[in-house]
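Data block below; observations after.
The values are calculated or read from the model by the stated rules, or taken from the named source; none is laboratory data. On a predicted model such as this, the values are computed, not experimentally measured, just so you know. Heads up, the Cβs are rebuilt from the backbone with ideal geometry, glycines too, and the neighbour counts pull from every protein chain shown.
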Amino acid sequence: MIKSEAVLIQVLSDVEEFLPQIVIVGGWVPFIFQNYVWKNIIARPNYTTDIDLGVSDAALSISNETLYNKFKSRNYSERHVELDKLFPIIPVAKLRKESAGIPIEFLCDKKADIKAVKKILGKEIYVNIVEHFNFLISETVPVEIRTKDKALRINIPPEERYIFHKLVTFAARIERAKMAKDLYYAYYMLRFSPNKSETLLKLKQFKILPEWRIAAAAIVKNFSAITSEGVVLVEKEFGQDSIIKNLRKHILETFSMLLKE
C-alpha cells in the first residue's frame, strides 16, 4: 500500500459515520475503480495525494457532530485559507507528525444550499464551489474497501459521469497542468475500463445536455491530429507506455471515438 493510500484509508476510517453523505471525487476515483472495482493490478493510474470529497445539499445530517468536530477530535492539522483569519480551514491528514500533510478538500455544486452543506461539514471548513458538480454526484456507485478490522462502504461517481465531468471541466480550464490531469483521468478510464462498451453507450445519453456541446467543441479543438495540444498533454501525463507502441495515435482515436454517433 502506498503512503497516500494509507492516509486515504485512515481518513475514511476516521469519518466512517459520515461516509453515506460523502462522495469521493477527484484523482482517487480511477485508483478506486482500478483497485477495488475492476481489480486490475496491471493498469495502475498515476497516484494522487489530495483527497477530494463531494457533499450534496440533499444529503441529510445524521449526526449532532460535524465533520469539523470529528477532525478536531482526531487532532488533524489545519490549513488556513486566509492567513489573518482562523476560519475557514482545510483539514490536513498526516500518518505521522513529521510527515507532509495531505489536504482534505470538500466540494459542492455552485447552486447548492451552503447552509445545508455546512450542517454536515461545520461552518469552519472551507468548501470549493464547482460548476456542474451535482451532475457528477447525483448518481453513485457503492464500493467496499476492506481494512484489517472493518469494511468501509464508500461512494464514487459512475464511470460515465466521472469521464463526462472531466471533459466538461477540462473545457473550462485555463491552467495547462490541470487540463492535463483532467484529460489523463478521462483517457485512463476510457482505456482501462472492462466495461468500455457499456460506458460509451451511457456517455451518449449525455449528448442531449448543453454541456455536451462544450465538451465536444473542446475535443474537436484539442484532438484533431496527433500533434494537437490535448494529445500531447495526455501523452506527457501518461508517461512511457510498454503496451501501445503509438500512444499518440491511440489517445487521438480514444477521444475521437466520443464524437461518433
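Things worth noting here:
- Count - residues of the stretch 21-65 that are more than 19 Å from Asp182 (Cβ to Cβ), of a type in the set (Val, Ile, Thr) and in contact with an Asp or Glu (Cβ under 8 Å, 6 or more places away or on another chain): 1
- Test: residue in the stretch 218-231 that is assigned to a helix (DSSP H, G or I), within 20 Å of Trp38 (Cβ to Cβ) and under 22 Å from the mean Cα position of the chain (by Cα): no
- Of the set (1) in contact with a helix residue (DSSP H, G or I) (Cβ under 9 Å, 6 or more places away or on another chain); (2) crowded, with 17+ Cβ neighbours inside 10 Å; (3) at pLDDT 95 or above, all apply to Glu105 but (1).
- The residues in the stretch 151-163 that are touching a residue at least 24 places away in the same chain (Cβ under 8 Å) and either surrounded by fewer than 19 Cβ atoms within 10 Å (Cβ to Cβ) or not in a helix (DSSP H, G or I) (or both) can be counted, and the count is 7.
- Within the stretch 73-89, the set of residues being buried (at least 16 other Cβ atoms within 10 Å of the Cβ) and either β-branched (Val, Ile, Thr) or out of contact with any strand residue (DSSP E or B) (no Cβ under 7 Å at 6 or more places or on another chain) (or both) comprises Ile89 only.
- Scanning the stretch 118-129 for residues that are surrounded by fewer than 19 Cβ atoms within 10 Å (Cβ to Cβ) and either outside any loop (DSSP other than H, G, I, E, B) or among the acidic types (Asp, Glu) (or both) yields Lys119, Glu124, Val127, Asn128, Ile129.
- Given (1) surrounded by 19 or more Cβ atoms within 10 Å (Cβ to Cβ); (2) in contact with a helix residue (DSSP H, G or I) (Cβ under 7 Å, 6 or more places away or on another chain), number of the condition Asn195 does not satisfy: (1)
- Residue in the stretch 164-187 that is under 16 Å from Phe33 (Cα atoms), in contact with a Leu (Cβ under 9 Å, 6 or more places away or on another chain), outside any helix (DSSP H, G or I) and modelled with pLDDT of 95 or more present: no
- The stretch 1-28 residues that are at positive phi, paired with ones that are buried (at least 16 other Cβ atoms within 10 Å of the Cβ) (beta carbon under 6 Å, 6 or more apart): Gly26/Asp52
- Condition check for Ile154: among the hydrophobic types (A, V, I, L, M, F, W, C) and farther than 22 Å from Asn134 by Cα: no
- Flag for Lys115 being loosely packed, with under 14 Cβ neighbours inside 10 Å and within 20 Å of the chain's Cα centre (by Cα): no
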